Amino acid sequence: MTLLRAENLTVAFGGTKVVDGIGFAVPRGGTLGIVGESGSGKSMTSLAVMGLLPSGATRSGSIDFDGTELTRLPERQMRAIRGDRIAMVFQDPLSSLNPYYTVGTQIAEAYRSHRSGVSRKAARTAAIEAMERVHIRDAGRRVDDYPHQFSGGMRQRVMIAMALSTEPELIIADEPTTALDVTVQAQILDLLAEVRRDTGAALILITHDLAVVSEVADELIVMRHGAVVESGPAEQIFSDPRHEYTRALLDAVPRIDDSIGELRTTGGTP
Ligand SMILES: Nc1ncnc2c1ncn2[C@@H]1O[C@H](COP(=O)(O)OP(=O)(O)OP(=O)(O)O)[C@@H](O)[C@H]1O
Ligand SMILES: [Mg+2]
């Protein structure tokens, strides 16, 4: 069953269309990969879904989320969906975390904002559990640490813990591993795959790196200049890319089998 379906989605800055009439669907519990070169419109697509486009951008077309048309939803209701049913994980966790509060406080606040009448103490316990769930060691102590005391990979785990605190049905991860080194990338991808398995949340994984999506995506759309040039089951696109541009992206990862092998063998050992 489809959880999210975008049809004829367009994002424009004045007369310039940066997303140009694209369509895609995310099945409940499934993973959609969005790949494409820098500037192809991947982030604008995800921000359009979240209703978080920068000022000056306009959105048209249809975004159906579980029977609700998001493009016609008043901001108040959209905010409720954002804080509750759809969560986002960004490339740079440091810019999404407040440097002046401990990670525990920030996870606890995300948790409390989703549930009325939860005490601070209970939220702190939930924050520690959330940190354990994303395999942060010694969570009971680290809950009182500040963002800068964590490595990039650990900060991304904190962000995933925060995203999970609202028990979302959809997680949108925009280049979640780009800032990380290869070994840590593989660990975060493993974690996202595990989270999806355990929680049943659907995932939209955005990346310019085909090796990354090949690990986790069921379905794939390939974007270029705001348009979808190729879409279908990920395996099919990898084994038999139809579009020249997709082939070029694949060629840009010349030893793709090697790099997948590398990701697999280094994965799972945080
Ligand atoms: N505020 C803005 N005003 C005008 N154009 C913008 C603005 N923000 C982004 N764009 C343009 O929109 C297009 C799509 O940008 P987008 O950020 O979606 O690309 P992307 O595929 O996410 O790239 P990357 O891989 O680098 O993150 C780009 O050509 C970009 O220059
Ligand atoms: Mg982007």
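The values are calculated or read from the model by the stated rules, or taken from the named source; none is laboratory data. Computed from a predicted structure; not experimentally measured. Every residue, glycine among them, receives a Cβ derived from its backbone with ideal geometry; neighbour counts consider all protein chains shown.
List of remarks:
- Condition broken by K17, with the remaining ones in (1) more than 18 Å from I172 (Cα to Cα); (2) basic (K, R); (3) within 16 Å of ligand 2 (Cβ to nearest atom) satisfied: (3)
- Total residues in region 161-186, condition surrounded by fewer than 23 Cβ atoms within 10 Å (Cβ to Cβ), under 13 Å from the mean Cα position of the chain (by Cα) and under 21 Å from D209 (Cα atoms): 3
- Taken together, the residues in region 27-41 that are crowded, with 23+ Cβ neighbours inside 10 Å and either farther than 17 Å from G56 by Cβ or out of contact with any His (no Cβ under 8 Å at 6 or more places or on another chain) (or both) amount to 7.
- When every residue of region 90-98 is checked against the conditions, at least one turns out to be without any contact (Cβ under 8 Å) to a residue 60 or more places away in the chain and more than 18 Å from A173 (Cβ to Cβ).
- Within region 187-207, the residues that satisfy the criterion of being under 11 Å from the mean Cα position of the chain (by Cα) and part of a helix (DSSP H, G or I) are L189, L192.
- Breaking point among (1) more than 20 Å from S46 (Cα to Cα); (2) within 16 Å of ligand 2 (Cβ to nearest atom), for I204: (1)
- S40 meets all of the listed conditions (1) assigned by TED's automatic domain parsing to the domain that holds E230; (2) away from ligand 1 (no atom under 16 Å from the Cβ) but one, namely (2).
- Only one of G23, G61 that is assigned to a strand (DSSP E or B) and surrounded by fewer than 16 Cβ atoms within 10 Å (Cβ to Cβ): G23
- Residue list for region 69-113, restricted to those being of a type in the set (V, I, T) and either surrounded by fewer than 14 Cβ atoms within 10 Å (Cβ to Cβ) or touching a Pro at 6+ places or on another chain (Cβ under 8 Å) (or both): I86, V89, V103
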